[in-house]
Amino acid sequence: MIRLDSVDKRHGSQILYLDASMSVFRGEKVGLVGPNGSGKTTIFRLITRQEAPDAGTVVVDRGVSVGYFSQDVGEMAGRSVVEETIAGAGEVADVARELAALEAAMADPARADELDAILARFGDVQARYDELGGYSLDARAREILAGLGFSEGRMDDDVGALSGGWKMRVALARILLMRPDALLLDEPTNHLDIESILWLEGFLRAFEGALILTSHDRELLNRLVTKIVEIDGGELTTYTGNYDFYEEQRAIAARQHEAQFARQEAMLAKERAFIDRFKARASHAAQVQSRVKKLDKIDKIEPPRRRRVIEFEFRQPPRSGDDVAVLEGVRKAYGDMVVHDGLDFHVRRLERWCVMGVNGAGKSTLLKLVAGAVEPDDGTVRRGASLKLGYFAQHAMELLRPDETVLGAVEREHPKASGGSLRTLLGAFGFSGDDVDKPCRILSGGEKARVVLAQMLYDPPNFLVLDEPTNHLDIETKEMLVAALSGFEGTLLFVSHDRQFLRALSNRVLELTPEGAHAYGDGYAEYVGRVGREAPGVRA
């Protein structure tokens, strides 16, 4: 269905691909992976003809419809959520608009002399509309929007009133409603909660067309894709299997490459030593010349490319008291909406609580209450002795100073730290070289999140309250963060939609339901085994 043949592409002086090829067939689910800036999004733009290759060809088979979800959703206003979803659903939306125009034309007395032609065209368009499932379009749009977290009432609200993250969900719903032959999804889970990710996973598993997906959700890639295409150093390499299999095969290939390179280097060193030793002796001239020619003809193996992963040893925090946070009879409401009523919750030292609950269950509000960001309407919230609290919230990124550099933002928080240690810290969070001099105003949401986490973890608190800390983080940065927090000798309370993060770090689960809060004395994996589902509100 889709092929890239011997493609070269560069952006300015940066070479993205050289003689790169890949193919995608009907029914295949392909994960596109590679370091930030390697050119994953450019692959999508080449397929959709938004960019052209510098050399080689990009082929999309005749008649294949392509749906592309990108992070740039554009303006949305003036329609309801469901109307906006339907309006962007590709051919079926275009046919619906023509059908409406033809209905208006049939009712227009001024066009009575065209009625026969209009009726004939109306019949053709109506048949195509029916073929595309147009008459079930509203119901399908609502089903998709519900899967992505919209309540029935919210679907009829003005789309312009939504936040950027919810507009992203509308843009994703439009593409899913299209039912194209090929789906291109660029980080579709960035703004989704765990319930919506699980719904999307099921939807995409049932999708019969071709799928090309980029995602920072390792679990999604493992469960969904059947092929991985890696972009690295200008090359596209295809692996058959899921993400875990790709990592295993890449590690095996890297070890084999290193061994071959080492063997060749040893052989070359031996030959060069012989040449250097005997090149001045006439008696060995023929042998020396023979070996020089031999070296000239050898295809040199490229030195192994190693991805630069910087590890940072985080300090251990001071010891807190045994009782870290105690909530008793807490009530919290926003206007008429009661979020918590009579909530009791006790956090003890070294516990690692993950908070689960459907949209609106009050997960973020609970974290705000514990962190002191909001006060309860009734009841008490007590924080323990010797507590050094660090709170990561989504709005924390807005507190970065726009004209301050990445390095400057961390230096402001830790003025006595050495420049070298702060640069190493930022390297662990994906800012290397000149990246530390970027002003915060040009950073993406994920980059801002990494700066805030770096500020917080250089000198760690003994109680970390984290609200979706993994949003926008790539797989490598998530794994670094998991490794750092696995050895953290403090207390954790967090909300996350990343199942690997939940599984690796939790040893307690608090599930918020309409009937009240339910505590589980084991981690996320045990919770899933016990309740038979991966999140509240998801069918077992």
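The values are calculated or read from the model by the stated rules, or taken from the named source; none is laboratory data. Because the structure is a prediction, the values reported are computed rather than measured. Backbone-built Cβ (ideal geometry, glycine too); neighbour counts: all protein chains shown.
Do we have any residue at all in segment 410-427 that's assigned to a strand (DSSP E or B), on the phi < 0 side of the Ramachandran plot, in contact with a Phe, Trp or Tyr (Cβ under 9 Å, 6 or more places away or on another chain) and surrounded by 18 or more Cβ atoms within 10 Å (Cβ to Cβ)?
Taking every residue of segment 410-427 in turn, none turns out to be assigned to a strand (DSSP E or B), on the phi < 0 side of the Ramachandran plot, in contact with a Phe, Trp or Tyr (Cβ under 9 Å, 6 or more places away or on another chain) and surrounded by 18 or more Cβ atoms within 10 Å (Cβ to Cβ).
So which of Gly433, Gly445 is of a type in the set (Gly, Ala, Ser), closer than 29 Å to Lys363 by Cα and either touching a strand residue (DSSP E or B) at 6+ places or on another chain (Cβ under 6 Å) or surrounded by fewer than 20 Cβ atoms within 10 Å (Cβ to Cβ) (or both)?
Matching residue, one of Gly433, Gly445: Gly445.
Does segment 454-470 contain at least one residue that is out of contact with any Ser or Thr (no Cβ under 8 Å at 6 or more places or on another chain), among the small types (Gly, Ala, Ser), part of a helix (DSSP H, G or I) and under 30 Å from Pro402 (Cα atoms)?
yes
In segment 226-255, how many are basic (Lys, Arg) and surrounded by fewer than 16 Cβ atoms within 10 Å (Cβ to Cβ)?
Total meeting the criteria: 1.
One line per residue, one yes/no per condition, for (1) surrounded by 15 or more Cβ atoms within 10 Å (Cβ to Cβ); (2) in contact with an Asp or Glu (Cβ under 7 Å, 6 or more places away or on another chain); (3) farther than 30 Å from Thr237 by Cα:
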residue	(1), (2), (3)
Ser23	yes, no, no
Arg26	no, no, no
Phe44	yes, yes, no
Ile47	yes, no, no
Ser70	yes, yes, no
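Let's see how each residue does on (1) surrounded by fewer than 22 Cβ atoms within 10 Å (Cβ to Cβ); (2) over 16 Å from the mean Cα position of the chain (by Cα):
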residue	(1), (2)
Asp157	yes, yes
Arg169	no, no
Leu176	no, yes
Leu185	no, no
Asn190	yes, no
Leu198	no, no
Glu201	yes, no
Arg205	yes, yes
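Give segment 211-268 a look and list any residue that's within 26 Å of Arg503 (Cα to Cα), out of contact with any Asp or Glu (no Cβ under 8 Å at 6 or more places or on another chain) and in a loop (DSSP other than H, G, I, E, B), or say none.
Val225, Gly241, Asn242
From the list Asp113, Asp108, Asp156, which one is farther than 30 Å from Leu473 by Cβ, touching a residue at least 40 places away in the same chain (Cβ under 8 Å) and of a type in the set (Asp, Glu)?
Asp156
So, in segment 13-54, exactly how many residues are basic (Lys, Arg), touching a residue at least 40 places away in the same chain (Cβ under 8 Å) and within 16 Å of Arg3 (Cβ to Cβ)?
1
Inspect segment 380-390 for any residue being touching a residue at least 24 places away in the same chain (Cβ under 8 Å), under 21 Å from Lys448 (Cβ atoms), within 25 Å of the chain's Cα centre (by Cα) and surrounded by 15 or more Cβ atoms within 10 Å (Cβ to Cβ) and give the result as yes or no.
yes
Do any strands (runs of 3 or more DSSP E) lying entirely in segment 1-59 carry at least 3 residues that are under 26 Å from the mean Cα position of the chain (by Cα) and modelled with pLDDT under 95, and which ones are they?
2-11, 14-24
Return the residues of segment 68-123 that are farther than 19 Å from Arg140 by Cβ and either in contact with a strand residue (DSSP E or B) (Cβ under 6 Å, 6 or more places away or on another chain) or of a type in the set (S, T, N, Q) (or both); say none if nothing qualifies.
Tyr68, Ser70, Gln71
Could you grab me the full set of residues in segment 508-540 that are in contact with a helix residue (DSSP H, G or I) (Cβ under 9 Å, 6 or more places away or on another chain) and among the small types (Gly, Ala, Ser)?
Ala517, Gly523, Ala525, Ala535, Gly537, Ala540
Taking the stated definitions as given, is Ser65 outside the structural domain of Arg128 (by TED's automatic domain parsing), farther than 23 Å from His216 by Cα and among the hydroxyl-bearing types (Ser, Thr, Tyr)?
In short, yes.
For segment 162-209, which positions are at pLDDT below 95, closer than 20 Å to Thr42 by Cα and small (Gly, Ala, Ser)?
Matches in segment 162-209: Ala171 only.
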